[in-house]
Amino acid sequence: MTKQTMIDASVPNAGRVYDYLLGGHHNFEIDRRVGDQVKAVLPFLPKAMRLFRWCLQDVARTLTEERGFDTIIDFASGLPTMDHIHTAVVPGTTVIYSDHDPVAVEYGREILGDTPNAYYFEADARWPEELLARPEVAEILGDNRHVAFVYWGITMYLTDEEIAHAARVLYDWSDEGSCWAV
């Protein structure tokens with residue numbers, strides 16, 4: 001099976017459909033058609049998704065402005081568009097995005113471009129140790145283990161065992177003052 005790329009405008013992608021439903025422009029006609037089908041069944045969904053994103057922005061601001069975190073590691077990030085975490089944090093904050101979808105990661109990297117302190121890696125939220133052990137992530141973090149982890153809106157897709165595993169890994173890896181926004 002060949003690797004799918006972001007340039008394939010004939011295949012819908014969940015991240016691009018999400019962007020469309022948020023009102024963004026990082027999507028293709030096929031994504032808009034799927035999004036319109038979803039809206040026909042769930043007309044409230046775009047508004048609910050926008051509220052969900054606003055809440056995520058509040059989380060990002062709280063973590064950085066009020067709680068003082070200078071590093072956020074976000075799992076199952078989707079596309080970093082439409083007011084995602086890196087747009088709502090204190091300047092200088094390091095934001096590490098991740099997703100298991102290679103299309104979202106490839107396109108996300110393009111969207112971020114040369115945004116300072118924002119990175120995107122392919123990783124599965126069920127196995128956070130894989131992201132945390134990546135040499136590139138280790139280089140970015142150095143000895144810093146005082147981080148805020150974000151699992152925003154994804155635990156409903158994980159089993160209890162996967163959530164417990166992630167919690168144990170994140171707890172063991174991070175320092176005592178770290179937190180997990182779920």
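The values are calculated or read from the model by the stated rules, or taken from the named source; none is laboratory data. Note that the coordinates shown come from a computational prediction; the quantities given were computed from them, not determined experimentally. In this analysis, Cβ positions are derived from the backbone assuming ideal geometry, glycine residues included, and neighbour counts consider all displayed protein chains. These area figures cover heavy atoms from the full protein model, side chains too; ligands, DNA and RNA do not enter into them. Shrake-Rupley method; radii C 1.70, N 1.55, O 1.52, S 1.80 Å.
What number of residues in segment 95-110 are open to solvent by 10 Å² or more (accessible area, probe 1.4 Å), within 13 Å of H26 (Cα to Cα) and not aromatic (F, W, Y)?
Step one: of segment 95-110, the residues open to solvent by 10 Å² or more (accessible area, probe 1.4 Å) are 99-102, 106-107, 109-110.
In the following step, the residues that additionally are within 13 Å of H26 (Cα to Cα) were identified as 106-107, 109-110.
If we keep only those that are not aromatic (F, W, Y) too, we end up with 106, 109-110.
Qualifying residue count for the region: 3.
Condition (residue is at pLDDT 95 or above and closer than 27 Å to A48 by Cβ) applied to segment 129-146: is it met by at least one residue?
Within segment 129-146, not a single residue is at pLDDT 95 or above and closer than 27 Å to A48 by Cβ.
Filter segment 148-176 down to residues that are surrounded by 15 or more Cβ atoms within 10 Å (Cβ to Cβ), more than 22 Å from R61 (Cα to Cα) and over 18 Å from the mean Cα position of the chain (by Cα), then give me how many there are.
Result for segment 148-176: 3.
Scan segment 66-84 and tell me whether some residue there is over 22 Å from E122 (Cα atoms) and open to solvent by 80 Å² or more (accessible area, probe 1.4 Å).
Looking through segment 66-84, at least one residue is over 22 Å from E122 (Cα atoms) and open to solvent by 80 Å² or more (accessible area, probe 1.4 Å).
Based on what the data block shows, is N144 touching a residue at least 24 places away in the same chain (Cβ under 8 Å) and over 16 Å from the mean Cα position of the chain (by Cα)?
yes
Can you confirm whether segment 82-95 contains a residue that is of a type outside the set (A, V, I, L, M, F, W, C) and in contact with a Phe, Trp or Tyr (Cβ under 7 Å, 6 or more places away or on another chain)?
There is no residue in segment 82-95 that is of a type outside the set (A, V, I, L, M, F, W, C) and in contact with a Phe, Trp or Tyr (Cβ under 7 Å, 6 or more places away or on another chain).
May I ask you to list the residues in segment 89-113 that are within 27 Å of E66 (Cα to Cα) and either assigned to a loop (DSSP other than H, G, I, E, B) or modelled with pLDDT under 95 (or both)?
V89, V90, P91, G92, T93
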